[in-house]
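Derivation of every value follows stated rules applied to the coordinates shown; laboratory data play no part. Here the structure is a predicted model, which means the values were calculated and not measured. Don't worry about glycine lacking a Cβ; one is built from the backbone with ideal geometry, like all the others, and counts go over all protein chains shown.
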Amino acid sequence: MGAFDAQLVPAIDGVAYGLLLFVVAAGLSLAFGTAGVLNLAHGALYAIGAYLGADLSDGTWGGLVLGLLAGTSAAAAAGALLSVATAPLSRRGHLAQALLTFGLALATGDLLVAYFGADELPVRIPGALDASVDLFGHRYPAYRLTFIGMAVLLAAVGTWVLTRTRAGAAVRAAADDPEMLAAGGVNPRAVHAGVLAAAGALAGAAGVLGAPIIGPGPGTADNVLMLSLVVVVLGGLRSLWGILLAAVAVGEVQTLGVSIAPDWAPYLLFASMAAVLVLRPGAALEAGHGGPDTGGSGGGPLGRLRRLARRGDAAAGHAVKTNGPPRPSRPPAARAAALLAPLPSPVRDGVRAVAPLAVFFLPLVFAPVVLDAYAVSLVSYALALGLVAVSVTVLTGYAGLPTLGQTAPFAVGAYTTALLADEGWTVGPVQLAAAAGASALFALVTGPAVIRARGTTVLMITVAVGELTGTVIQQTKSVTGGTDGLYGFDSTEPFWGGAPLDDEFAVYGYALAVAALAVTVTVLVLRSSAGRLLTGSRGAEARMRASGHPVARYLLLAYVGAAALAGLGGSLLVSVQQYVSPADAGFEIAALALLAAVIGGTTSVLGTLLGVGLIVWTRDWLSGVWPGHGPLLLGVLFILTVYLLPRGLAGLWPSGVGGHDDGPDGGEAPPGGTAGDTDPYRDRGSGWTGAASGARTPAGADRAATPVPGRRADEAQEAAP
């Protein structure tokens with residue numbers, strides 16, 4: 001009885017905290033499970049309500065009601081605007097939505113902090129609620145008990161509305177069969193906007209009512225979003241009662257779990273989220289949107305080889321004539337192809353792959369001549385981040401595994417290097433090998449859970465892996481230094497017996513050499529037969545499996561290789577910064593790496609590197625012109641990228657210029673997509689495609705013309721059902 005009595009208050013706190021998460025997560029579930037919008041700005045909608053509610057609170061009932069009306073209305077209006085913003089992206093999948101809403105969250109958070117201040121706002125509640133009541137012999141805040149009652153009532157009303165009213169039927173029909181809904185005279189777009197407005201209203205109301213529990217502050221939106229994602233994954237998308245039970249469970253872990261098992265509680269949430277996603281991915285995140293990739297007739301490894309052959313034949317056929325009228329001058333790309341034509345095919349492909357990289361890296365050799373020390377250090381940091389972004393390109397564009405957790409192997413490589421340096425192992429090649437090996441081993445452990453999932457589930461699993469890794473880093477203070485990080489170790493030596501890299505220019509030379517070598521090797525691998533098998537697996541997985549290819553092994557190798565590349569980036573980061581902290585491997589860095597890949601075109605390594613440069617320039621240099629508004633500038637960059645570069649920078653390059661049709665450096669579309677396709681991961685396990693527009697086409701119906709590796713296109717066409 002004593003133990004129960006001691007844990008009673010934390011247990012009730014857990015219920016209140018969980019019900020607050022339920023109100024927020026219910027809105028997130030509506031947006032994603034019903035409207036099909038992966039809204040990473042949902043935490044910002046909560047923050048809007050929390051800030052307005054706190055600002056208007058004056059300790060009276062009128063202030064509470066006014067704050068509730070203002071916060072709920074503002075968040076609902078923001079949700080309706082979100083519907084307008086995401087409407088052009090309905091056919092581009094959840095990746096574009098995630099990037100857009102994350103950019104909106106960054107911009108909104110910066111504007112809120114600029115207006116309300118960076119300090120947490122105090123919340124004044126009416127005197128009748130700002131008291132304690134007797135509860136089983138304990139004094140407990142009356143406000144929290146009141147909030148528990150309101151949340152339970154909201155769950156009951158919400159369930160009744162969705163299951164027993166015409167509005168609820170329209171919402172369900174908009175998710176399941178929008179064509180039938182439209183035939184009944186109801187506009188699915190209006191229902192879509194109403195759902196997002198209602199989701200925003202729930203988040204705003206939760207912000208106002210939850211401000212005394214989770215006060216408004218700079219980190220509130222991110223914390224609420226992450227916990228809400230955990231709740232939605234654990235509870236499922238279509239069941240409010242399931243979300244309610246999951247929210248209460250998460251609340252208990254956050255309060256009672258910390259009280260009973262403080263060493264284990266921080267790991268439970270994201271570990272359980274990852275477990276649910278792995279064990280029942282369809283039940284956890286089946287939103288009914290998206291579909292499998294469709295294979296175009298020009299895709300696949302054979303299609304690429306045929307295009308290469310046609311260009312080679314065309315170049316060979318343009319031999320100089322001694323008679324006849326003068327022929328028109330050829331473009332530079334054609335002249336280059338003619339010069340390379342006599343070379344053996346592997347050599348020719350290698351030269352074509354490396355040449356654009358040489359054009360990119362060669363000017364960087366002279367950067368120390370024209371840039372100051374600060375600018376050179378920024379370029380060094382960009383090179384380290386560039387390796388992480390290129391690893392995201394490998395997974396997203398080539399393996400079809402969109403990732404928001406690539407900072408996990410990045411952190412493993414960084415902390416491995418820092419710990420080695422702290423023990424006196426400062427030789428660069430040793431640090432790089434150890435970092436790459438540790439990150440690859442980490443990927444071997446986590447890879448089986450990732451490669452068996454598809455689409456949005458991959459995004460969520462990698463988020464869980466990244467957040468769980470960050471939690472481990474923060475909790476193991478004796479090894480990682482916790483939130484303070486690691487610093488004070490000796491500088492890296494570029495080779496055995498070399499002088500330590502003690503200034504920005506020496507570090508830059510080391511970072512440039514390592515990055516250039518790593519990227520070149522990556523591009524050559526992607527252009528090899530291994531890379532063609534990987535893109536074939538992405539575009540025609542079922543046919544690859546049917547023809548005997550071990551697709552799971554290909555994906556696992558790609559995941560491990562990408563992790564090793566990210567680990568190299570982490571090692572470079574430590575050499576550049578001379579310290580490492582959990583902030584260097586947070587969710588924002590993962591989103592920036594994914595943004596760089598999308599800016600480049602998801603299959604363009606060169607475009608990805610240019611995207612990293614643009615991001616670092618925006619965040620670290622341009623923000624110096626407008627101090628304190630780096631998140632706003634980054635948010636604007638996210639938004640502009642989604643709208644203005646649907647195919648990335650590679651989509652701006654004309655065919656044949658810079659290797660645009662040739663793969664990694666030109667941004668050629670992998671099988672089943674377009675160059676720089678911002679939705680390169682439509683759920684391959686889904687049974688239907690085109691759900692966003694209402695079209696119900698059986699999966700695989702558009703794949704009849706997809707070339708099967710190892711077979712001629714006409715044979716594949718004849719064999720297609």
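Rounded to whole Å and sorted largest first, what semi-axes of the equivalent ellipsoid does the C-alpha gyration tensor of segment 14-262 yield via the square root of 5 times each eigenvalue?
Details: eigenvalues 179, 84, 60 Å².
Listed largest to smallest, the semi-axes of segment 14-262 are 30, 20, 17 Å.
What is the spin-label model distance, in nm, from residue 521 to residue 618 if the labels are put 7 Å beyond Cα along the C-beta direction?
A separation of 3.1 nm, rounded to one decimal place.
Work out from phi, with θ = phi - 60° and the Karplus expression 6.51 cos²θ - 1.76 cosθ + 1.60, the ³J(HN,Hα) of each residue of segment 591-606, listed in order in whole Hz, and give x for Gly and Pro.
My calculation for segment 591-606 gives 5, 5, 5, 5, 4, 4, 5, 6, 4, x, x, 6, 10, 10, 5, 5 Hz in order.
Expressed as a whole number of Å, what is the distance separating the alpha-carbon centroids of segment 202-216 and segment 545-571?
If we compute the Cα centre of each part, the gap is 43 Å.
What per residue convex hull volume, in Å³, comes out for segment 348-436 when only alpha-carbon positions are used?
Measuring per residue, one finds 142 Å³ for the Cα hull of segment 348-436.
Find, among the chymotrypsin sites (Phe, Trp or Tyr not before Pro) in segment 428-514, those assigned to loop by DSSP (not H, G, I, E, B) with at most 14 other beta-carbon atoms within 10 angstrom. Before the final figure, lay out each step's value.
On the way: sites: 442, 487, 489, 495, 496, 505, 508, 510; in loops: 489, 495, 496.
Answer in residue order: 495, 496.
Return the long-range amide H neighbours of residue 601 (sequence gap of 5 or more, or a different chain), with a cut-off of under 5 Å between placed amide H atoms.
Amide H neighbours of residue 601, under 5 Å, 5+ apart: 649, 650.
Using the alpha-carbon centroid of each, what span in Å lies between segment 134-167 and segment 456-519?
The two parts, judged by their Cα centres, are 46 Å apart.
At R0 = 22 Å, how high is the FRET efficiency between residue 490 and residue 433 if r is their beta carbon distance? Nearest 0.05 is fine. Write down the numbers at each step before the final one.
Numbers: r = 18 Å, r/R0 = 0.82.
It comes out at approximately 0.75.
Tell me, in nm to one decimal, what length is gained between residue 148 and residue 124 on full extension, where the rule is 0.36 nm per residue of separation less the Cα-Cα distance? Write down the numbers at each step before the final one.
On the way: separation 24, 0.36 × 24 = 8.64 nm, distance 1.86 nm.
Gain on extension, residue 148 to residue 124, equals 6.8 nm.
R0 = 41 Å: FRET efficiency of residue 547 with residue 172, Cβ-based, nearest 0.05? Don't skip to the end; give the middle numbers.
On the way: r = 41 Å, r/R0 = 0.99.
Once rounded, the FRET efficiency stands at 0.50.
Once amide H atoms are placed 1.01 Å from N in the peptide plane, what residues at a sequence separation of 5 or more from residue 580, or on another chain, have their amide H within under 5 Å of its amide H?
Close amide H contacts, sequence-distant or interchain: 486.
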